[in-house]
Amino acid sequence: MKNTYLLILMALLTLVSCKPKTPAQQDASCAEALIAYTKCYPASEPQDLYKLVFQDNFGPGHLITDSASCAGYIEREVQSMADSNGMPLYEYTLCGRHYVRVNLLLVRSGVLSVQALTSAVLRSAENMPTVDPKYVVSHSTAFKQAYDPHYRIVRRDIFESEILPLLDE
């Protein structure tokens, strides 16, 4: 199975590297971004790298059905999670940095409301292509055990204009 993720990851990276570069993308190549990611998360397995590339290109659209279910899912996850985890409060996805992983600790601590995050996630999923569920993967068991990830994917511009300012207060 690991070989399958590596092959798909390589194919995705090839597609990503063929896209025109924006100034934000010129800071680091995708390979450099993956190396940095594995240094930050040494328990990462190939499927975690695949997930990062996938999220940078397809955002949160594969998780969204409607606002009530999105909010309910966030609320349940926040209630079940610990008071801390091994993830930063936010981090940009891979080299394209199109999306941001927003840690649910921001909701748990009251910095961000469930409604505000739900709105940001739903707007981030607008106009995204439909993705076949067979290409969507969860984090590896090793990643989950090491970092206890609880986050939602938000489009970069929405994060920077609406959520990031809340962190500076």
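The values are calculated or read from the model by the stated rules, or taken from the named source; none is laboratory data. In this text, all values refer to a predicted model and were calculated from it rather than measured experimentally. Here the Cβ positions follow ideal geometry from the backbone for every residue, glycine too, while neighbour counts run over all protein chains shown. Side chains included, ligands, DNA and RNA excluded: accessible areas come from the protein's heavy atoms. Shrake-Rupley method; radii C 1.70, N 1.55, O 1.52, S 1.80 Å.
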**Study point:** Rounded if a/c under 1.5, otherwise prolate or oblate - segment 45-130, Cα gyration tensor axes
**Key:** oblate
**Study point:** Relative contact order of segment 22-162, defined on C-alpha pairs under 8 angstrom at six or more residues apart (%)
**Key:** 37 percent
Review point. Using the Cβ atoms and a cut-off under 13 Å, what net charge is assigned to the surroundings of residue 60, where Lys and Arg are +1 and Asp and Glu are -1?
Key: +4
Check your understanding: Rounded to the nearest whole Å², what accessible area per residue is found for segment 121-169 with the 1.4 Å probe?
Key -> 58 Å²
Exercise for review: Assign one of three labels to segment 83-169, namely rounded, prolate or oblate, based on the Cα gyration tensor with a ≥ b ≥ c the square roots of its eigenvalues; rounded applies when a/c is under 1.5, prolate when it is not and a/b is larger than b/c, and oblate otherwise.
Suggested key: oblate
Check your understanding: How long is the gain from residue 40 to residue 164 if the chain were fully straight, where each residue apart is worth 0.36 nm and the alpha carbon distance is subtracted?
Key -> 42.5 nm
**Study point:** Cα-projected label distance for residue 141 with residue 91, points at 7 Å along beta-carbon direction, nm
**Key:** 2.2 nm
Study note, to complete from the structure: Sorting 77, 126 on solvent-accessible surface, 1.4 Å probe, most exposed first, gives 126, 77
Point to revise | For residue 122, net neighbour charge (Lys/Arg +1, Asp/Glu -1) across residues whose Cβ lies under 12 Å away | key: +1
Point to revise | Pair residue 132, residue 69: separation of 7 Å Cα→Cβ label points (nm) | key: 2.1 nm
Exercise for review: Work out how much length residue 80 to residue 123 would gain on full extension: take 0.36 nm times their residue separation and subtract the Cα-Cα distance, in nm to one decimal.
Suggested key: 13.0 nm
